[in-house]
Amino acid sequence: MQAPVLVLKDSLKRESGTKVHHGNIQASKAVADIIRTTLGPRSMLKMLLDAAGGIVVTNDGNAILRELDIAHPAAKSMIELSRTQDEEVGDGTTSVIVLAGEMLHVAEAFIDKHYHPTVICRAYNKALEDAIAVLDKIAMSIDVKDRATMLGLVKSCIGTKFTSQFGDLIADLALDATTIVGVDLGQGLREVDIKKYIKVEKVPGGQLEDSVVLKGVMINKDVIAPGKMRRKIVNPRIILLDCPLEYKKGENQTNAELLKEEDWGVLLKLEEEYIESLCVQILKFKPDLVITEKGLSDLACHYFSKAGVSAIRRLRKTDNNRIAKACGAVIVNRPDELQESDVGTGAGIFEVKKIGDEFFAFIVDCKEPKACTVLLRGPSKDLLNEVERNLQDAMSVARNILKNPKLVPGGGATELTVSATLKQKSSSVEGIEKWPYEAAAIAFEAIPRTLAQNCGVNVIRTMTALQGKHANGENAWIGIDGNTGAITDVKEKKIWDAYNVKAQTFKTAIEAACLLLRIDDIVSGIKKKQPPGAKAPSKPQVETEGDADNEQIIPE
């Protein structure tokens, strides 16, 4: 007897699992195809129209996908992939999408043959374990103190980016910045917090070569009273505050009833005395510069300028933290809690300079800064935005190497080695999983193939030659020179990748492919809007006891 099937008129039309798989795979391939051309040094740029109507020109995979407006849920999860990759290691955002798209593409044949998705996923996970093992085998360690090697490495990782035409500039900036903010945690561990302690300030104007890493902090502020306060102080004593230096307003509305005219004067005097006492507490420590995150009243400004102290108000919390890290000060919440140890004396010079139309305060030449600012100059806003994106990637690469100083060959050589090794191993995989495992091995070739395509060389000839060189898992350093499309020894050409980035790319891509393969149904929880004039859907009728009596009873 057939099981009863409940059909609701207005429910989503459900598709069979295979159809959903095909839909997801097609959507993922579409996303991969959008940014496939942006892989490698000879890649194409994309021009994006953002929501505000501005134009962005970039070949950064993550920046492109961020601007896409896609409704398909599987495609959305592919876009999330590149975001995850960007958050984790900051590079390889394009590779991860291309690889995941290829993994799903090769799985399509097995879905058609009615393989169960779990079987495919199992094979893929096995392939991932073996791929990471191959990475460990071919990775080589480097010395992070050797600046030339580090520079070459950062350069080769961002050689695919737009700014590679400016030579070592971006790699230099990234290395300097990450070296400044690196903190040793002991046991050989290093913490490099790019987000918190490196600020990138973009100032249009000047030449790109004028960009520098400041040994300290730069903020877009001027002193409160420019005529009365010093704008240049050598070896300043800096006090950082997190409280307002103005009279506190009542928490709730307060009414004061004054009977005599003098009482008004008394009230004002109280306010003045309160502010004066705050200033006296601060001036006890003979600061040269007082910076507060909150407001600072005119009266306090008067007391400070009389004492020859410069002051800056309404600073961002994040900037204040960076100044504290740079000059060794401690941010204080109440002036009466100030101690000598809270005063920052690490800065070499405080200076206010005018760049273009705006004033910037520099607290630089710090003794041991643990925070820094990268000042980027350039002809236009669009160019600066692209340089900033590339710089972020370069800093992430430098951070990854400082954390885990291991290299793997670039130029598609790693993927080819992994592919060749997995193909060899596939013969020892037992059962039905052998075929998806072998397909995963072939999918790894998508990266070198795409590189070859973007160079404009004969793809089939190049790939055949490369597969021949890598046939038995040897020659791990033979790859493609992304500029010419020639087959070269990537060690000689200094085309490298960070181990962290490669490992993360493989993990993210394969795990995402497995996740999408496991989805066999997409159910919408969004109510569709009724077109005007349409009748409301009739409710399903429920039988009552009374109706049951009218039915003919079937004799047993």
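For the range 322-333, how many residues are within 17 Å of CYS243 (Cα to Cα) and in contact with a helix residue (DSSP H, G or I) (Cβ under 9 Å, 6 or more places away or on another chain)?
From the range 322-333, those within 17 Å of CYS243 (Cα to Cα) are 323-324, 329-333; that's our starting set.
Now narrow it down to the ones that are in contact with a helix residue (DSSP H, G or I) (Cβ under 9 Å, 6 or more places away or on another chain): 329-332.
Total meeting the criteria: 4.
When the range 145-176 is filtered for residues that are more than 23 Å from the chain's Cα centre (by Cα) and assigned to a loop (DSSP other than H, G, I, E, B), the ones remaining, listed by number, are LYS145, ASP146, GLY167.
Mind listing just one residue for me: the one in the range 278-319 that is acidic (Asp, Glu) and more than 26 Å from THR179 (Cβ to Cβ) and, of those, farthest from the chain's Cα centre (by Cα)?
Residues of the range 278-319 that are acidic (Asp, Glu), as a first pass: 288, 293, 298, 319.
Remaining after also requiring more than 26 Å from THR179 (Cβ to Cβ): 288, 293, 298.
Values: ASP288: 38, GLU293: 27, ASP298: 42 Å.
Only one residue fits best here, namely ASP298.
Condition first: open to solvent by less than 10 Å² (accessible area, probe 1.4 Å) and out of contact with any Leu (no Cβ under 6 Å at 6 or more places or on another chain). Now tell me which residues in the range 258-310 satisfy that. Of everything in the range 258-310, those that are open to solvent by less than 10 Å² (accessible area, probe 1.4 Å) and out of contact with any Leu (no Cβ under 6 Å at 6 or more places or on another chain) turn out to be CYS279, ILE282, PRO287, LEU289, VAL290, GLY295, PHE304, VAL309. Within the range 493-504, the only residue that satisfies the criterion of being surrounded by fewer than 22 Cβ atoms within 10 Å (Cβ to Cβ) and polar (S, T, N, Q) is GLN504. Considering the range 266-296, and only residues there that are of a type in the set (D, E, K, R) and either part of a loop (DSSP other than H, G, I, E, B) or free of Cβ contacts under 8 Å to residues at least 24 places away in the same chain (or both), the residue that is nearest to ILE363 (Cα to Cα) turns out to be ASP288. Taking VAL387 and the conditions (1) open to solvent by less than 10 Å² (accessible area, probe 1.4 Å); (2) out of contact with any Gly (no Cβ under 7 Å at 6 or more places or on another chain), which numbered condition does it fall short on, given that it satisfies the others? Failed condition: (2). Summed over the range 191-201, residues that are surrounded by fewer than 17 Cβ atoms within 10 Å (Cβ to Cβ) and in a strand (DSSP E or B) total 1.
Among the residues of the range 470-492, the one identified as in contact with a Ser or Thr (Cβ under 8 Å, 6 or more places away or on another chain) and either exposed (fewer than 15 other Cβ atoms within 10 Å of the Cβ) or among the charged types (D, E, K, R) (or both) is ASP481.
Looking only at the range 133-152, decide whether some residue is among the charged types (D, E, K, R) and crowded, with 16+ Cβ neighbours inside 10 Å.
From the range 133-152, those among the charged types (D, E, K, R) are 136-137, 143, 145-147; that's our starting set.
Checking which are crowded, with 16+ Cβ neighbours inside 10 Å leaves us with none.
Looking for residues that are among the charged types (D, E, K, R) and crowded, with 16+ Cβ neighbours inside 10 Å, one finds none in the range 133-152, hence no.
Taking (1) open to solvent by less than 50 Å² (accessible area, probe 1.4 Å); (2) in contact (Cβ under 8 Å) with a residue 24 or more places away in the chain in turn, LYS507 satisfies each apart from (1). The residues on offer are LEU65, LEU99, and the sole one that is at pLDDT 90 or above, outside any loop (DSSP other than H, G, I, E, B), closer than 26 Å to ASP497 by Cα and assigned by the TED database to the domain that holds ILE510 is LEU99.
When ALA177, ALA171 are checked against the criterion of being closer than 16 Å to PRO369 by Cβ, modelled with pLDDT of 70 or more and crowded, with 16+ Cβ neighbours inside 10 Å, ALA177 stands alone in meeting it. Open to solvent by less than 20 Å² (accessible area, probe 1.4 Å) and on the phi > 0 side of the Ramachandran plot, is that true of GLY456? No: the conditions fail for GLY456. Scanning the range 221-250 for residues that are under 15 Å from VAL364 (Cβ atoms), part of a loop (DSSP other than H, G, I, E, B) and open to solvent by less than 80 Å² (accessible area, probe 1.4 Å) gives LYS221, ARG231, PRO236. Strands (runs of 3 or more DSSP E) fully within the range 419-499 that include at least 3 residues being in contact (Cβ under 8 Å) with a residue 40 or more places away in the chain: 478-480, 496-498.
Looking across the range 320-373 at every residue that is over 30 Å from the mean Cα position of the chain (by Cα) and aliphatic (A, V, I, L, M), the one that is nearest to ILE180 (Cα to Cα) is identified as ALA347.
Regarding THR421, is this residue under 14 Å from HIS470 (Cβ atoms), out of contact with any Phe, Trp or Tyr (no Cβ under 7 Å at 6 or more places or on another chain), open to solvent by less than 10 Å² (accessible area, probe 1.4 Å) and in the same structural domain as ILE447 (by the TED database)? So that I can check it myself, show each step before the final result.
Working: under 14 Å from HIS470 (Cβ atoms): yes; out of contact with any Phe, Trp or Tyr (no Cβ under 7 Å at 6 or more places or on another chain): yes; open to solvent by less than 10 Å² (accessible area, probe 1.4 Å): no; in the same structural domain as ILE447 (by the TED database): yes.
No.
If I go through the range 56-91 residue by residue, how many of them are open to solvent by 50 Å² or more (accessible area, probe 1.4 Å) and touching an Asp or Glu at 6+ places or on another chain (Cβ under 7 Å)? Residues meeting the conditions: 2. Among the numbered conditions (1) in a helix (DSSP H, G or I); (2) in contact with a helix residue (DSSP H, G or I) (Cβ under 8 Å, 6 or more places away or on another chain); (3) not small (Gly, Ala, Ser), the only one that ASP319 does not meet is (2). Going through (1) modelled with pLDDT under 85; (2) touching a helix residue (DSSP H, G or I) at 6+ places or on another chain (Cβ under 9 Å) one by one, LEU515 falls short only on (1).
The values are calculated or read from the model by the stated rules, or taken from the named source; none is laboratory data. Note that the structure is a prediction, hence the values are computed from the model and not measured. Methodologically, a virtual Cβ is constructed for each residue, glycine included, from the backbone with ideal geometry; neighbour enumeration extends over all protein chains shown. Heads up: the accessible areas ignore ligands, DNA and RNA and are worked out on the full protein's heavy atoms, side chains in. Shrake-Rupley method; radii C 1.70, N 1.55, O 1.52, S 1.80 Å.
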